[in-house]
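The values are calculated or read from the model by the stated rules, or taken from the named source; none is laboratory data. Keep in mind that what you see is a predicted model, and the values were worked out from it rather than measured. Here Cβ is always computed from backbone atoms with ideal geometry, including for glycine, and neighbour counts include all displayed protein chains.
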Amino acid sequence: MRAPGSNAGVAAGDVLLAVENVSLRFGGVKAITDVSFDIRKGEIRAIIGPNGAGKTSMLNVINGFYHPQEGRITFKGRTRSRMRPYVAASQGIARTFQNVALFKGMTTLDNIMAGRTLKMKRGFFWQMLRHGPALAEEIEHRRQVEEIIDFLEIEHIRKVPVGRLPYGLQKRVELGRALAMEPELLLLDEPMAGMNLEEKEDMCRFILDVNNQFGTTIALIEHDMGVVMDLSDRVVVLEYGRKIADGVPDEVKRDQKVIDAYLGVAH
Amino acid sequence: MFYREAGQFKTTYAADMAVFPILQDKIGIAVIVAAAVLLPFLGAAGIVSPQTQNFLLQVVAIPFLIFSLASIGLNLLTGYTGLLSLGTAGFMGVGAYACYKLTTYFPGVNIIVWVLASGFFAAGIGVVFGLPSLRIKGFYLAVATLAAQFFLQWCFIRIPWLYNENASGAIEVPQRTLLGVPVTGPTATAETRYFVVLAIVAGLTWIASNLVHGRIGRSWMAVRDMDIAAELMGIKLFDTKLLAFAVSSFYCGVAGALLVFLWYGGAEPEVFSINQSFLILFMVIIGGLGSLVGSYFGAALIYILPIVLRLLPESLGIPIGGATIEHLTFMIVGALIIFFLIVEPHGLARLWQIGKQKLRTWPFPY
């Protein structure tokens with residue numbers, strides 16, 4: 001697989017995505033209030049916080065599913081305020097979901113192949129014939145998808161409809177589908193929720209490998225603090241839609257506001 | 001024992017991605033195609049009487065193929081893309097009337113060209129009535145397509161231009177020839193019409209199979225299974241849904257044109273009523289949503305089974321009155337539909353798949 005983002009004009013360590021003063025409201029409910037942070041190229045950035053802190057909303061803002069009322073988002077040096085999710089996808093932002101959002105009726109292979117839709121160029125005419133260029137393209141992408149399948153060690157479930165797979169494997173297929181997009185920024189929404197220890201360790205290994213081998217920048221939401229502190233380079237902490245801390249794991253761990261947010265304070 | 005892929009190793013992705021990757025399936029499909037091609041020669045070979053031959057083609061095979069084509073069309077929309085439509089008959093009617101007008105204005109052009117071209121008119125109308133699908137889905141979309149059904153049928157009745165101001169309000173198919181052989185009209189033989197229908201239906205099935213096995217089919221199924229995730233992966237929902245409406249309506253339109261030109265030989269607007277839409281929808285549901293072979297199964301169960309049931313008592317020598325047979329047929333078909341849906345809610349196609357899986361491990365299923 002080609003290292004994703006190798007053609008981008010952003011060098012490792014530079015800011016890949018900057019969120020500036022973003023506020024998001026649903027009617028009177030303030031989901032996110034004036035949050036700013038950045039994600040640097042090549043890092044693993046964790047977003048943590050108690051339930052309802054606005055973490056998932058933040059991801060939805062980043063990949064264009066929600067449009068914030070205020071604030072700016074700059075990805076790869078380009079600032080945008082409103083964009084459709086498929087534009088975000090075409091710029092190189094992929095994501096997985098908190099509740100697995102796979103295409104249940106399709107096989108593992110088709111799910112991951114679907115992740116390559118944007119890379120496939122042959123039009124309706126050739127698709128209709130499924131010969132010549134369309135077939136060549138299909139085979140080329142199949143080869144790359146097989147590399148992802150190999151990487152995630154899911155060869156045995158290649159042709160199984162994903163609806164029949166156990167939860168842990170579904171999460172892995174979903175990661176595969178996101179990887180198939182060759183993203184520059186990968187958003188993972190609780191990749192380890194509901195997994196047992198062994199599955200969690202596998203998933204951690206895959207996340208680190210993705211980051212190391214492909215150089216993919218990763219933003220992840222996770223509740224398992226052990227995982228967060230081990231994996232991530234930097235952590236941003238949200239509470240009630242506001243940012244309360246931002247820094248390397250050790251700093252954040254000792255931050256009094258973070259401890260209060262998680263353990264509660266006596267009033 | 002006989003049906004298994006042991007020993008058939010795939011060495012290329014092309015072989016693995018083939019629509020029929022197993023050798024036995026390839027043989028099976030070849031046998032079916034050969035049987036379909038040889039069917040009209042049964043009479044000439046003296047195996048069946050000319051009357052039976054004509055009955056087989058005119059009453060069984062031609063309509064079965066046409067209904068299968070319409071089912072495939074609806075299946076692409078409802079089964080593959082997950083958009084429920086009740087406008088099938090309306091879109092079929094657009095195809096039929098478009099073909100009628102085209103051949104009226106340009107009688108010199110080959111009728112088969114117009115049958116296929118009329119599909120594009122249906123596709124255009126389908127896209128227009130598919131526009132609401134971006135905002136609504138499920139039952140609400142079904143209601144929106146119901147509007148298409150009623151509006152189009154109203155057009156077929158109220159716009160005399162569509163049926164050339166014919167006093168009876170019906171369209172009558174003129175005679176058209178292909179290479180000197182009559183294809184439509186009263187003088188066309190059942191054999192000729194059968195071959196034309198078979199060629200068109202087989203060709204369009206092949207194209208549908210290609211579409212659903214490639215990028216476009218995956219986009220359709222992605223929209224069906226999880227539209228939010230599909231959009232976040234770069235699939236444009238609007239374009240994908242409208243393409244599904246266009247292709248689906250094209251198939252329905254061609255089926256409608258075939259229905260009138262190569263089967264009925266003439267039609268009243270009543271042919272394209274809501275009942276026809278429901279009939280096709282039931283074929284798709286019972287055959288199996290999201291399965292091309294299921295469309296054929298569904299058409300066979302709903303269309304051919306009643307014919308067989310009607311003929312059965314007579315051929316077995318059981319004296320039952322015609323009216324009784326009619327009632328019995330309704331009861332048996334109804335009971336069978338319920339039976340099949342209880343046994344396998346995902347339709348006959350799933351049943352077929354399970355059967356194949358069982359066969360693969362038979363006789364030692366462990």
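Can you tell me which of B:234, B:203, B:217 is small (Gly, Ala, Ser), within 14 Å of chain A (Cβ to nearest Cβ) and not in a helix (DSSP H, G or I)?
That would be B:234, the only listed residue that is small (Gly, Ala, Ser), within 14 Å of chain A (Cβ to nearest Cβ) and not in a helix (DSSP H, G or I).
So, in region A:111-140, of the ones that are basic (Lys, Arg) and more than 7 Å from chain B (Cβ to nearest Cβ), which residue ends up nearest to the chain's Cα centre (by Cα)?
A:116
Sort through B:93, B:43 and tell me the only one that's free of Cβ contacts under 8 Å to residues at least 40 places away in the same chain and assigned by TED's automatic domain parsing to the domain that holds residue B:271.
B:43
Restricting attention to region B:205-220, does a residue exist that is over 26 Å from residue B:294 (Cα atoms) and surrounded by fewer than 21 Cβ atoms within 10 Å (Cβ to Cβ)?
No.
Identify, please: which residue in region A:80-109 is farther than 21 Å from residue A:60 by Cβ and buried (at least 22 other Cβ atoms within 10 Å of the Cβ) and is, among those, farthest from the other protein chains (Cβ to nearest Cβ)?
Step by step, filter region A:80-109, then rank; the result is A:108.
Which one of B:262, B:309 is away from chain A (no Cβ under 14 Å) and over 27 Å from residue B:334 (Cβ atoms)?
The conditions single out B:262.
Which residue, of B:306, B:313, B:319, is more than 30 Å from residue B:151 (Cβ to Cβ) and not in a helix (DSSP H, G or I)?
On inspection, the qualifying residue turns out to be B:319.
Which helices (runs of 4 or more DSSP H) sit wholly inside region A:49-122 and have at least 3 residues that are closer than 16 Å to residue A:189 by Cβ?
A:55-62, A:85-91
Would you check if there is a residue in region B:17-39 being under 30 Å from residue A:131 (Cβ atoms), out of contact with any Lys or Arg (no Cβ under 9 Å at 6 or more places or on another chain) and in a loop (DSSP other than H, G, I, E, B)?
Yes, some residue in region B:17-39 is under 30 Å from residue A:131 (Cβ atoms), out of contact with any Lys or Arg (no Cβ under 9 Å at 6 or more places or on another chain) and in a loop (DSSP other than H, G, I, E, B).
So which of B:93, B:124, B:108, B:130 is in a helix (DSSP H, G or I), at pLDDT below 95 and not charged (D, E, K, R)?
B:130
Restricting region A:162-182 to residues that are more than 10 Å from chain B (Cβ to nearest Cβ) and in contact with a strand residue (DSSP E or B) (Cβ under 9 Å, 6 or more places away or on another chain), which is surrounded by the fewest Cβ atoms within 10 Å (Cβ to Cβ)?
A:182
Checking the conditions here, which among B:197, B:247 is away from chain A (no Cβ under 14 Å), buried (at least 22 other Cβ atoms within 10 Å of the Cβ), within 20 Å of the chain's Cα centre (by Cα) and part of a helix (DSSP H, G or I)?
Exactly one of B:197, B:247 is away from chain A (no Cβ under 14 Å), buried (at least 22 other Cβ atoms within 10 Å of the Cβ), within 20 Å of the chain's Cα centre (by Cα) and part of a helix (DSSP H, G or I), namely B:197.
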